[in-house]
1. Going by how many other Cβ atoms sit within 10 Å of their own, how do ILE84, ILE64 line up, fewest first?
2. List every residue whose amide H lies under 5 Å from the amide H of LYS155, counting only residues 5 or more places away in sequence or on a different chain, with H placed 1.01 Å from N in the peptide plane.
3. I want to verify the translational diffusion coefficient of region 65-215 in µm²/s; compute it with Stokes-Einstein, Rh as the Kirkwood radius over Cα pairs, at 4 °C and 1.567 mPa s.
4. Give the peptides 87-100, 213-226 in descending order of average Cβ contacts within 10 Å, highest first.
5. Between region 201-258 and region 112-128, what's the alpha-carbon centroid distance in Å?
6. Just to be sure I understand the model, the point goes 7 Å from the Cα along the line to the Cβ. What's the resulting THR179 to SER204 distance in nm?
7. Just to check I understand the Karplus step: with θ = phi - 60° and J = 6.51 cos²θ - 1.76 cosθ + 1.60, what whole-Hz values come out for region 51-67, glycine and proline as x?
8. Go ahead and collect, in residue order, the members of region 208-246 whose backbone nitrogen is under 12 Å from a label point 7 Å along the Cα-Cβ direction of THR67.
Amino acid sequence: MTQFTTGNAPGVGSAVTSEQKQITWSGRHGQDQVVTQRAVIHSSTTDSGNTPTTTLRAGLVVAIRDTDSKVTKYTPDANDGSQIAVGVLDQHQDMLVDGVATERYTQMIVHGLVREGELINLDTRARQQLSQQVVFDRKPLSPAPMLAPRGVYRKTTSYSLTQGDNGLLFAATGAATFTLPTKANGLAFRIVQLADSDLTIAGSGDLIHKGNAAASSVVFSTTGQKIGSQVLVECIYTASSTLKWLVTNLGGTTATVS
């Protein structure tokens, strides 16, 4: 249980802000199974979902900047290290000192039992990154869907993938079109064709494969090469605020891109 106050005396200055938040969950007999790491938060760090933004809420997913190794908010479309989640802010932190944003010391949770629903700014990619360090209270998600899918489903006909299918391997046993869901950073699916039938991956002009960065479909239909056709489809940021599906040919069979 964490509690934060601004430190203002009653009746003087702005109102006192307080909040209680349970970020972690307990092991057997209520043991507190959490490891924290002391770190310095960069002065420019803000919490865009809070008021004021200069007060960082407990549960904020954080990353480490490449340039100075200081902590900042996890930003999935960044390219400076802050796109890699490394921990969770343990307590609320006011970044202002005498009204000026200033570097602050803090504690971030880097190992232990964490309540997923209490985390701020968590997306699928950050969950995959953090799942190698923390144990979430919700069902597990494979951090490496290409090497270790969390489950296998067989499909005899076409199927529209959902975000809930993240981390699964789909085995087609007949001609099938797999339609990709709404893009979200970190989503990943493996799809393989087991039959001598066409396999199609369908998007909306946002697929990257074989010389095309704006394809709508990747089709495996070459005679004699259909069985064993296999792809890994991952949703990644290709630029700031730009998400696309990266389609990687794992089976080595011929694909037609359009």
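What follows draws every value from the coordinates through simple rules; no lab data is involved. Just so you know, these numbers come straight off a predicted model, no measurement behind them. Reconstructed Cβ throughout: ideal geometry from the backbone, glycine too, with neighbour counts over all protein chains shown.
1. Result, fewest neighbours first: ILE84, ILE64.
2. The list, which skips near neighbours in sequence, is ALA171, ALA172, THR173.
3. 71 µm²/s
4. The peptides rank, most packed first, as 87-100, 213-226.
5. 29 Å
6. Each label point lies 7 Å from its Cα, and together they span 1.1 nm.
7. Per residue, the Karplus-derived 3J(HN,Hα) values read 10, x, 5, 7, 9, 8, 7, 4, x, 5, 6, 10, 9, 10, 5, 5, 5 Hz.
8. The answer is none.
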